[in-house]
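The values are calculated or read from the model by the stated rules, or taken from the named source; none is laboratory data. Treat the numbers as computed from the prediction; the structure is a model and nothing was measured. Note that we place each Cβ from the backbone using ideal geometry, even for glycine, and neighbour counts take in every protein chain shown. Side chains are part of the model used for accessible areas, which takes the heavy atoms of the whole protein and leaves out ligands, DNA and RNA. Shrake-Rupley method; radii C 1.70, N 1.55, O 1.52, S 1.80 Å.
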Amino acid sequence: MTRQIALKFPEELAAALDDLVTRGLYRNRSQAVRVAVEALVRRSESERIDAAFVDGFARHPDRPEEIADATRLGIEAIEDEPWERWW
């Protein structure tokens, strides 16, 4: 299901939108606006998730022993890698 939404743009922005359609980047104005709004929504959701991670790590920071374990495991993984296979 779709919903029609009326929008008003400044003349310069409407002309730029029409140019995108004229150049064949989008089938019509609606598609161009829909793609832009979808990108805006994705970016907003990504920023919300990032902020939640920052908040979570601020409230529950890694303990020194967790950092030491992660460092050790990373070094072991690098040492265990069969590097000769890549050359």
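Select from the stretch 1-32 the residues that are in a helix (DSSP H, G or I) and in contact with a Leu (Cβ under 7 Å, 6 or more places away or on another chain) and write down the one among them that is most open to solvent (accessible area, probe 1.4 Å). Spell out the reasoning first.
Start the filter on the stretch 1-32 by keeping residues that are in a helix (DSSP H, G or I), which leaves 11-22, 29-32.
Those still in the list that are in contact with a Leu (Cβ under 7 Å, 6 or more places away or on another chain) too: 29, 32.
Working: 29: 128, 32: 9 Å².
Per the stated criteria, the residue is 29.
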Residue hits (the stretch 62-87; part of a helix (DSSP H, G or I) and either among the aliphatic types (A, V, I, L, M) or in contact with a helix residue (DSSP H, G or I) (Cβ under 9 Å, 6 or more places away or on another chain) (or both)) are 67, 68, 70, 73, 75, 77, 78
- Query: residue 45: in a helix (DSSP H, G or I) and either open to solvent by less than 100 Å² (accessible area, probe 1.4 Å) or among the aromatic types (Phe, Trp, Tyr) (or both), yes or no?
  - Reply: yes
For the stretch 25-66 the number of residues that are closer than 27 Å to residue 4 by Cβ and free of Cβ contacts under 8 Å to residues at least 24 places away in the same chain is 20
